[in-house]
Amino acid sequence: MKKLLITLFVIFLLLGCGPKAVVDPEPEDPEDPIDIEEPVIIEEPIKRSVFNGMEYDDEEYEAFAIMIENTAAARPQSGLSLADIVYEIAVDGWNISRLFAIFGTEHPTKVGPVRSARVPFANLQKEWRLPFAHFGSATTGQGDALVILKAINLPIRFDGHKGLNDEFYSRDSARSSPHNAYFNSEKARVKIPELAYEERFTFDDVSNVDDADVLSVSMKYSTINVVKYEYDATTKKFLRFVNGDPHMDAYTKKQLAITNIIVLHAPHRSVEKVQYVLVDFVGEGKAEFFVNGKHEVGSWLKSSDTAITKFFNSAGEEIVLLPGNTWIQVVHSKIAIVVVPLAQ
């Protein structure tokens, strides 16, 4: 009996240790969606030139501000169409103007005619602090521009009249003096220290200047200096005219075409027998903007001599300019401004 029990126990033990049935897992439904992580594309912001808003990889600039004559004897000037920013301001006696042209991304080998500096342009340098090419400076009383320039301690000056870094100037025998001094900004780049400049304007492919459509705008500085801009919808630029004639560039053989126009209304006065014109750039006032065939009235604000001038549209937002060149027409209350709207 005992042997029988042992035999049965062994049989049951062997049966319990036998192979077990394998259950196949359920097959995957081929129609079930498979989660695939989408790659994350990170778009790097476009690096733009602080001077004209075009794509620009460098953070350092070999930039110049160049004092350019704007009389009948000086036109057509050379290199103006390649300037990123140009200020036009009335000078001695109110009838004529001079141009403060900033070249940050293009460096023509012939720019000019270069003439002497005046106080309003010297005061602009308190804000811009750019290497400066000029052929002398006014030095009389309240019109003394040289004393201001010396006090600013600019990175470098190229003064053709004083022989200061004047090896980059030449005379054009086809014109008479003083309308024939020209500056080679390309060669002068070797003298520029490594410099970085903060942003002055916001640039984008869409501007927030979007009020009224315009055909043209004109401003009469004097009877011998009437400036007009006509909008070209094909190029989306404003073509510049002076006294009814296309304003040409002798360097490129092209008419000046401007992407952004700012009209800065500021107090003016004249001093000394020469009637040097002075401009008060500190404070706030009216500004007008012409961009992409649109016209909008806004404002400007400058808190101190060295502060950056800010511009605002009619809604109080800082203006957004289109990538391209910008001309700033500095005007006083006696300059007649005529805006011709686009007929609806």
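The values are calculated or read from the model by the stated rules, or taken from the named source; none is laboratory data. Keep in mind that what you see is a predicted model, and the values were worked out from it rather than measured. Glycine gets a Cβ as well: all are built from the backbone with ideal geometry, and neighbour counts include every protein chain shown.
Tabulated results
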item	result
Total residues in the range 100-129, condition in a loop (DSSP other than H, G, I, E, B) and more than 19 Å from Thr309 (Cα to Cα)	10
Neighbours by Cβ (under 9 Å, 6+ apart or cross-chain): first from the range 235-246, within 17 Å of Gln329 (Cβ to Cβ); second buried (at least 17 other Cβ atoms within 10 Å of the Cβ) and of a type in the set (D, E, K, R)	Leu239/Lys228; Arg240/Lys228; Phe241/Lys228; Val242/Arg75; Val242/Lys228; Asn243/Lys228
Close pairs (9 angstrom Cβ cut-off, 6 or more residues apart or separate chains): more than 19 Å from Leu321 (Cα to Cα) and of a type in the set (A, V, I, L, M) in the range 289-308, in a loop (DSSP other than H, G, I, E, B) and modelled with pLDDT of 95 or more anywhere	Ala307/Val282
Of the criteria (1) touching a residue at least 12 places away in the same chain (Cβ under 8 Å); (2) assigned to a helix (DSSP H, G or I); (3) over 17 Å from Ala101 (Cβ atoms); (4) basic (Lys, Arg), which one Arg175 fails	(2)
Of the criteria (1) part of a loop (DSSP other than H, G, I, E, B); (2) crowded, with 17+ Cβ neighbours inside 10 Å; (3) touching a strand residue (DSSP E or B) at 6+ places or on another chain (Cβ under 6 Å), which one Ser314 fails	(2)
Residue in the range 139-162 that is free of Cβ contacts under 8 Å to residues at least 60 places away in the same chain, among the polar types (S, T, N, Q), surrounded by 21 or more Cβ atoms within 10 Å (Cβ to Cβ) and in contact with a helix residue (DSSP H, G or I) (Cβ under 6 Å, 6 or more places away or on another chain) present	no
Verdict on Leu164 being farther than 27 Å from Thr309 by Cβ and more than 22 Å from the chain's Cα centre (by Cα)	yes
Residue within the range 220-243 that is acidic (Asp, Glu) and exposed (fewer than 13 other Cβ atoms within 10 Å of the Cβ) present	no
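Conditions (1) in contact with a Gly (Cβ under 8 Å, 6 or more places away or on another chain); (2) in a loop (DSSP other than H, G, I, E, B), marked per residue:
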site	(1), (2)
Tyr251	yes, yes
Val297	no, no
Gly324	yes, yes
Ala343	no, yes
